[in-house]
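Comments concern the structure below.
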């Protein structure tokens, strides 16, 4: 039986911003938010406050009704000030973060919280209530970056006296002819797609896969690490699902890669190659320690031959 104080399904659905949908899981929400392009346009301190608030709201989310309701004081205390982590986040910054997320469709307000002053006017015996939000994912296309205003889009003719000294030559070099035009280059991503003949990712473009793998590549993952993570869970076991039933390859790839995110921070876990490299370094360090210990024991060892010869000479023994 649903609690009478909890919001209804209609209230939650009505709070979803236009053009957004509710997040299905904590990992999906954090993975999708890591790809928000507007994060690169804000100051570093405000970006840090946004990311930390998002992690707190995701951590305290209840997926029974897909809402989150930590108090404002709790969020401010857990996030802390960017200048002084010992102090809580200011209420002004908290409101700015909430408005920033609501404007972009990541957060929807289901119920506003109440204060002691409001409760005193409405009902003296009423308790304070925390605001209830619903975590959402906006449906938006990848934004094309704006051109650099310092570099003109059009160049003067090659024969113009005002020609750019860096103008494109009329005849390309042999290396450029072998490589092809710049517009035909493929993004640096996903070599493993060539071998993924029966995988849903084969139906995605290279740019789509590179966009999904962007936070993992920023964490130092290689293309082979992304392919390994799409086929294995964090424990190393291979997924056993029928791939012919996948209807949305992009969501399928995002869901599998999201399994490799830290549930507390939302950051990518160490990749498969990074784990193997760390284990190899640990093995080499152990072998080096064993070799050093063996060398120390060998240096401290005493040759018994001179001592044995002295004993034989003392007692008149002969060596047979």
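With each label modelled as a point 7 angstrom along the Cα→C-beta vector, the residue 8-residue 303 pair spans 9.7 nm. Diffusion of the range 9-138 by Stokes-Einstein, at 37 °C in a medium of 0.692 mPa s and with Rh set to the Kirkwood radius over alpha-carbon pairs, works out to 214 µm²/s.
Please state, as a whole number in µm²/s, the translational diffusion coefficient that the Stokes-Einstein equation yields for the range 275-315 at 4 °C and 1.567 mPa s, with Rh defined as the Kirkwood radius across alpha carbon pairs.
Details: Rh = 13.1 Å.
Estimated diffusion coefficient is 99 µm²/s.
Spin-label model, residue 62/residue 277: points 7 Å from Cα along the beta carbon direction are separated by 4.4 nm.
Arranged by the count of other C-beta atoms within 10 angstrom, fewest first, what order do 201, 302 take? Provide the component values of the computation, followed by the final result.
Numbers: 201 22, 302 7.
Listing 201, 302 from fewest to most nearby Cβ atoms yields 302, 201.
Normalising the average separation of contacting C-alpha pairs (under 8 angstrom, six or more residues apart) by the number of residues puts the relative contact order of the range 9-138 at 35 percent. Please work out the Cα center distance from the range 48-106 to the range 235-271, rounded to the nearest Å. Each part's Cα centre sits 26 Å from the other's.
From least to most packed, judged by other beta carbons within 10 angstrom and beginning with the fewest, 232, 272 follow the order 232, 272. Sorted fewest first by neighbouring Cβ atoms within 10 angstrom, 315, 33, 46 come out as 315, 46, 33. A crude spin-label estimate for the pair residue 90 and residue 232, with each label 7 Å from Cα along the Cβ direction, gives 4.8 nm.
Each reported figure results from applying straightforward, stated rules to the coordinates on display, with no laboratory input. Owing to the predicted nature of the structure, the values given are computational and were not obtained by experimental measurement. Heads up, the Cβs are rebuilt from the backbone with ideal geometry, glycines too, and the neighbour counts pull from every protein chain shown.
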